[in-house]
Amino acid sequence: FGNRALMILVFPAIEVFVKNAMVIAASLGKPGNGMAVRQVERTTSRSAVLGVFVSLIALVVLFAVGGLFLNIYSEIPWDEILPVMLITAVFGMVISAIVGCVMARTANRVFGMVNGDILGATNEVSRPFLVFFIMLFIQLYLTVI
């Protein structure tokens, strides 16, 4: 992987994306039983869209602070920082949405519901997918350039 210091941008963003996957799973889930029934019940497609916007705002803040830090203290030029930010944001959103959808659809089909256990599993399952695919696409970009 190119400049390892750029990982300071990727890993905090992944934590934003795993939460986004959970919101998407809740928005597509049928409420079950347990403590998360109200969250799943009240999380709508509108909530999922709002969650995406909140995630994007969090990313802007993380990327602004991290990018400035890398540019000023590590002297990494913006033309190396910005592509990593863009790849992370685009593929992170897509992958978190896919994982959230798959988890909700599978839980609805197999268990007939989405509960807190499924939301927690979505959190844990989405993380390795996000790490793998974001790192893969960054590496592909760096290989092509």
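Any read-out appearing in this document is the output of simple, stated calculations on the displayed coordinates, not a laboratory observation. Being a predicted model, the structure only gives us computed values, none of them experimental. Quick reminder, even Gly has a Cβ in these numbers, built from the backbone with ideal geometry, and neighbours come from all protein chains shown.
Among the chymotrypsin sites (Phe, Trp or Tyr not before Pro) within region 26-118, which fall in a DSSP loop and have no more than 14 other Cβ atoms within 10 Å of their own Cβ?
Working: sites: Phe53, Phe63, Phe69, Tyr73, Trp78, Phe91, Phe111; in loops: Phe111.
In loop regions of region 26-118 (DSSP not H, G, I, E or B), the sparsely surrounded chymotrypsin sites (Phe, Trp or Tyr not before Pro) are Phe111.
Remark: spin-label model distance Leu68-Arg105 equals 4.2 nm, labels positioned 7 Å along the Cα→Cβ axis.
Each of Leu68, Leu142, Gly100 was placed along the dipole of region 54-145 (beta-carbon charges, centred on the mean Cα), and the one lying farthest toward the positive end is Gly100. Applying a DSSP loop filter and a limit of 15 other Cβ atoms within 10 Å to the GluC sites (Glu not before Pro) in region 52-145 leaves Glu75. Computed from phi, the 3J(HN,Hα) profile of region 21-31 under the Karplus parametrisation 6.51, -1.76, 1.60 (θ = phi - 60°) reads 4, 5, 5, 5, 4, 5, 5, 9, x, 8, x Hz, with x in place of Gly and Pro. Computed about the Cα centre, the dipole magnitude for region 4-144 is approximately 620 debye when only Lys and Arg (+1) and Asp and Glu (-1) carry charge, each at its Cβ. Take the Cβ atoms of Val90 and Thr44, set R0 to 25 Å, and the FRET efficiency comes out at 0.50. Highest GNM mean-square fluctuation among Val99, Val84, Val61, for the chain modelled with Cα contacts below 10 Å: Val61.
Rounded to whole numbers, the Karplus 3J(HN,Hα) couplings from phi for region 90-107 are 5, 6, x, 5, 5, 5, 5, 5, 5, 5, x, 5, 5, 5, 5, 5, 5, 5 Hz, using 6.51 cos²θ - 1.76 cosθ + 1.60 with θ = phi - 60°, and x at Gly and Pro. Mean-square fluctuations from a GNM of the chain, with a 10 angstrom spring cutoff on Cα atoms, peak among Ser27, Ser96, Ser47 at Ser47.
Fewest to most neighbouring Cβ within 10 Å: what's the order for Met85, Met7, Met135? Don't skip to the end; give the middle numbers.
Values: Met85 21, Met7 14, Met135 17.
Neighbour counts put them in this order, fewest first: Met7, Met135, Met85.
Axis angle, to the nearest 10 degrees, between helix 116-144 and the longest C-alpha principal axis of the chain: 30 degrees.
The calculated pair-distance distribution of region 23-102 uses every alpha carbon pair, bins of 10 angstrom beginning at 0, and gives 17, 36, 24, 16, 7, 0 percent. Close amide-amide hydrogen proximity is noted between Val114 and Lys30, Gly32, each under 5 Å apart and 5 or more residues distant or on a separate chain (H modeled in the peptide plane; Pro and chain starts excluded).
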